């Protein structure tokens, strides 16, 4: 039935498209109608002359339109009048009734043609409108299916009616498997339990819920966490009441926001550390000068007094001074203000030699394991500062394992091609040795990790720690051009990862120092120090060691004395930071004036003396003394300088 109807519709459509066919139809159908009327003539006679012509006109008008319909009417009127009205075979009509009948037939035929034409045009417009609607529906279907935003319809029982491909992909279930299934059958139990009250609220109130962000698994069997922004709209289509849901996957956006937040946090943290570091460096410098005076006079008194009670008190003062000195060293390390004697250190070999020192810093119930894979690659570092940093990590690990455990050191080569973001900071391109320091201790919660490198932050009891240990490690690694981060979880241990830059060509190899004799000295030393009390204390110490001492209050006065006593002064001992002319300026002035002299530079070290400025002088043989220093340290430095 359907196929025959389609054939008929196709034939009619072809006739309507051809103008010649429509007019041939206007001629042929009246002719056929006349033939049928002629066959009925014995029965009808001269009655019902237009009987068979009505269908011909209607068919012609319906298919051909108004033009063929008029042609069909004219031919029908002429044929009927000629053949079936008396007198036959003439166009004369016998009565008024025949005139009225002919006129009425013509009117009805033309009216039928006009109505058919109007209906036909209306039908064509409807067909075109339907085609447009069908095309728009297809486009909407395509957009609905391909949009990256998840779209879905739910009925009042929270069963899916329809979903697009994006929502189906997000749910991890094909789109064709959604219709008729409850949300609890598609979504994870947590997600279904979370959104069901919101969906019922939309149905009950008729008000939408817009732009709610939530996180959950991608699908019931998936562990992948996704972030979405959802909106729910009430829908009423006739008797159908339901919900239209819009689900936007904002995981990438959320990750970008988190990365930006981490970068901003890193920037704020770096600025804070820099500010505190500057303060720490300045405080340490002034504190070192005070400690230097105390330690110098304490050691002088120890040599002058012999009473046991006096010596015991002096040694207590000396011990407190040394502890304070270590604290200032940690401040300087955190503030990245320590002078560095950069050397090429083969990390794996150095760590094997350091293993015994590591055991000393730990306890017997803590096992040390080395997993060294960096080979013979060297890094450019100050070995003393590296030892200081690793010892700080060892102390931290020891305190985290009160009942024993394991410390593991691992190394590997790491080549960064382009700037990478790791653990909240960016690593510049280059070659690195990645050194991991892991312990099996109690670990740290997230809030402690966030502040682990902050100066003066500690989780230990009051009086048990300064909070500078890990801040010192941070400062040493950063000053060495490296990076450090921490990974930890409660009861799962802690791992510190250090990225140490591979040594550039021209870095000085690690030296082998000679032991120098500690016998009494001789010679003349020029001492340049702006702090009068400290200058007197060092002068007395040098005099006690057997040296003659000339004093200067600043670099300008020292330069004048050197020029006045050419050849009489054997050694220059100068502070780095002084008014008028500092120690480094004095050294550079002497080099320019071709007045070479053996030199020791001492300082509490501040921003006025940068590591970059000092390092070249250290590599050329300049000896540096970090304040405060003990009498034997000063004696060794002086003898070493004079022996060069």
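Here, each number is a calculation from the coordinates, and none is a lab measurement. Note that the coordinates shown come from a computational prediction; the quantities given were computed from them, not determined experimentally. When we count neighbours, we look across all protein chains shown, and the Cβ atoms used for this are built from the backbone with ideal geometry, even at glycine.
Brief remarks follow.
- Among 369-378, 230-239, 134-143, the peptide with the highest mean count of other Cβ atoms within 10 Å heads the list, and the full ranking is 369-378, 230-239, 134-143.
- For segment 93-214, the Rg and Dmax computed from alpha carbons only, in angstrom: 28.9, 96
- Global form of segment 524-643, assessed from the alpha-carbon gyration tensor, a/c cut-off 1.5: rounded
- The modelled label-to-label distance between residue 32 and residue 196, using points 7 Å beyond Cα along the C-beta direction, is 6.9 nm.
- Rg and Dmax over the alpha-carbon atoms of segment 148-249 stand at 12.5, 41 Å.
- Note on residue 18 and residue 643: their simple-model spin labels are 12.1 nm apart, each label 7 Å out from Cα toward Cβ.
- Contour excess over end-to-end distance, with Cα ends at residue 585 and residue 184 and 0.36 nm allotted per residue: 136.5 nm
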